[in-house]
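Please read the structure below before turning to the comments.
The values are calculated or read from the model by the stated rules, or taken from the named source; none is laboratory data. Note that the structure is predicted; figures quoted are calculated from it, not measured. Every residue, glycine among them, receives a Cβ derived from its backbone with ideal geometry; neighbour counts consider all protein chains shown. For the accessible areas, the whole protein counts, side chains as well, though only heavy atoms, and no ligand, DNA or RNA atoms are used. Shrake-Rupley method; radii C 1.70, N 1.55, O 1.52, S 1.80 Å.
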Amino acid sequence: MASKQLTVHAGNHDRNECPVWAAADGLDAAASYVARDDETGAEVPAQIVPGCSGAHLVWVVPALAAGTSRTYTVQEGSAPGGVTVSEGEHGVDVHMNGALFTTYRYAQPVVKPYLYPVIGPTGEGMTRNYPMIPDVPGEKHDHPHHKSIYVSHGEVSGADVWSEVEGHGYQRHVEFLPAYGDCGEHVSGPVLGAIRSTNNWVGSDEQKVVEDERRFTFYPLPSSARLIDVEVTFRATAGPAHFGDTKEGGIISLRVATSMDASDDGRMENAIGGIGEAECWGKRAQWLAYTGPVKGETLGFAVYDHPSSFRHPTYWHARNYGLFTANPFGLHDFYANPGVDGSHVLPEGGLLRFKYRIYVHAGDTATAQVAQRYHDYITPPEVSVAE
């Protein structure tokens with residue numbers, strides 16, 4: 001029976017429900033594993049994820065204080081729950097612990113793929129239903145192109161791939177790829193699930209202007225919080241791609257449930273202490289959080305920008321009416337200065353990369369430790385083979 005001892009080092013930060021990745025050398029990729037805490041004997045699910053440069057073992061560390069280490073024995077076994085990714089009626093369904101979390105909706109007549117619904121820790125949807133469900137009482141009906149969670153931008157080589165007014169462009173799903181490595185297609189497992197796809201961005205004339213490859217990795221956390229890691233890579237395969245300077249865009253975009261709007265009982269805040277639209281819109285920050293009531297419970301989203309992303313820390317197109325997007329291009333709007341140019345030309349054959357983590361949680365920003373958990377993403381714990 002294959003087993004392995006690995007030590008997790010917290011580093012400078014307290015860790016709470018933190019995913020860790022380690023090389024899976026010596027473990028059977030076809031087997032099921034658990035990670036047993038050598039100090040307490042508690043077991044958590046572990047999962048082998050295939051990769052182009054070798055397989056990795058992934059598990060979630062429940063708690064680890066700054067400056068301390070914990071050794072786990074990884075051994076064959078199974079644990080309940082996990083993530084199941086499979087084709088469903090409306091797209092690719094992502095179930096966590098047996099319940100629907102979200103669906104990746106990509107098939108025509110979709111203008112651009114999006115995640116909807118997004119079910120939070122209390123079992124309620126956390127993004128606006130409109131326009132997918134047009135008659136939910138109390139919901140705002142502005143901006144029908146704000147579809148839950150999506151990737152978009154308003155000017156790419158002359159194509160408007162943001163709005164859905166006359167003459168807009170589209171994102172055309174091309175294919176699904178193996179989510180990690182070269183095995184299978186979607187990934188399901190006890191720790192995470194993942195979807196990876198390619199999409200052609202086209203103008204209203206269906207002429208391609210750029211393509212993207214996107215990967216969504218989904219983690220259910222023990223507290224019923226969720227993580228979505230988002231990676232978007234643009235490829236200029238139809239000549240140079242011009243990303244225009246416009247506020248109308250967001251490489252990751254969210255439209256929260258109307259009850260969460262900061263214009264009502266919700267709250268928007270960012271990593272540099274800004275609160276509300278006046279202090280968050282057009283500002284650069286490592287993360288932005290949006291919290292508010294959903295059916296009487298406070299819930300929230302935080303979006304973390306990874307340091308490897310283009311123009312990190314990103315600028316935010318963030319509105320009190322419920323929209324927030326990571327937009328690194330809209331500088332002349334954000335600075336209210338027509339002399340500033342935030343556009344970018346991706347040369348033919350070039351790549352442009354973005355990475356984000358979406359933290360879906362209960363409680364307000366402080367209760368959910370939004371600032372602390374940013375370090376789980378950008379400076380995760382180190383893992384070593386136990387001595």
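Key figures
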| read-out | value |
| --- | --- |
| Given (1) in contact (Cβ under 8 Å) with a residue 24 or more places away in the chain; (2) within 23 Å of the chain's Cα centre (by Cα), number of the condition residue 144 does not satisfy | (1) |
| Pairs with Cβ under 6 Å, 6+ apart, first in region 16-32 and in contact (Cβ under 8 Å) with a residue 12 or more places away in the chain, second surrounded by fewer than 16 Cβ atoms within 10 Å (Cβ to Cβ) and aliphatic (A, V, I, L, M) | 16/63; 27/2; 28/2 |
| Number of the condition not met by residue 267 [criteria: (1) more than 17 Å from residue 359 (Cα to Cα); (2) out of contact with any Lys or Arg (no Cβ under 9 Å at 6 or more places or on another chain); (3) of a type in the set (Lys, Arg)] | (1) |
| Residue satisfying condition, being closer than 26 Å to residue 243 by Cβ, not in a strand (DSSP E or B) and not polar (S, T, N, Q), within set 135, 142 | 142 |
| Close pairs (8 angstrom Cβ cut-off, 6 or more residues apart or separate chains): modelled with pLDDT of 95 or more and open to solvent by less than 40 Å² (accessible area, probe 1.4 Å) in region 148-174, of a type in the set (A, V, I, L, M) and part of a loop (DSSP other than H, G, I, E, B) anywhere | 148/132; 168/111; 171/111 |
| Hits in region 295-334 (condition: more than 16 Å from the chain's Cα centre (by Cα), open to solvent by less than 10 Å² (accessible area, probe 1.4 Å) and closer than 23 Å to residue 225 by Cβ) | 299, 318, 322 |
| Single match in 228, 252, 195 (criterion: of a type outside the set (D, E, K, R), touching a His at 6+ places or on another chain (Cβ under 9 Å) and either in contact (Cβ under 8 Å) with a residue 60 or more places away in the chain or not in a strand (DSSP E or B) (or both)) | 195 |
| Any hit, region 56-73, residues being touching a residue at least 60 places away in the same chain (Cβ under 8 Å), aromatic (Phe, Trp, Tyr) and not in a strand (DSSP E or B) | no |
| When residues of region 202-225 are limited to those that are under 10 Å from the mean Cα position of the chain (by Cα) and not aromatic (Phe, Trp, Tyr), the one most open to solvent (accessible area, probe 1.4 Å) | 215 |
| Which listed residue is open to solvent by less than 40 Å² (accessible area, probe 1.4 Å) and not in a strand (DSSP E or B), from 107, 46, 79 | 79 |
| Residue 292 surrounded by 19 or more Cβ atoms within 10 Å (Cβ to Cβ), of a type in the set (Gly, Ala, Ser) and free of Cβ contacts under 8 Å to residues at least 40 places away in the same chain | yes |
| Test: residue in region 354-364 that is over 22 Å from residue 274 (Cα atoms), out of contact with any helix residue (DSSP H, G or I) (no Cβ under 8 Å at 6 or more places or on another chain) and either of a type in the set (A, V, I, L, M) or touching a residue at least 60 places away in the same chain (Cβ under 8 Å) (or both) | yes |
| Matching residues, region 255-279, being in contact with a Phe, Trp or Tyr (Cβ under 6 Å, 6 or more places away or on another chain) and either within 22 Å of residue 139 (Cα to Cα) or of a type outside the set (A, V, I, L, M) (or both) | 256, 261, 263, 268 |
| Residue list for region 110-134, filter: small (Gly, Ala, Ser) and open to solvent by less than 20 Å² (accessible area, probe 1.4 Å) | 120 |
| Matching strands (runs of 3 or more DSSP E) fully within region 260-353 where at least 3 residues are more than 22 Å from residue 369 (Cβ to Cβ) | 344-346 |
| Residue count, region 166-192 (criterion: aliphatic (A, V, I, L, M), assigned to a loop (DSSP other than H, G, I, E, B) and over 23 Å from residue 210 (Cβ atoms)) | 2 |
| Filter result (in a loop (DSSP other than H, G, I, E, B) and out of contact with any His (no Cβ under 7 Å at 6 or more places or on another chain)) within region 354-378 | 363, 364, 365, 366, 367, 369 |
| Selection within region 22-43 - under 26 Å from residue 373 (Cβ atoms) and buried (at least 16 other Cβ atoms within 10 Å of the Cβ) | 22, 23, 24, 33, 34, 35, 36, 37, 43 |
| Qualifying position, being open to solvent by less than 20 Å² (accessible area, probe 1.4 Å), under 30 Å from residue 210 (Cα atoms) and touching a strand residue (DSSP E or B) at 6+ places or on another chain (Cβ under 9 Å), among 85, 74 | 85 |
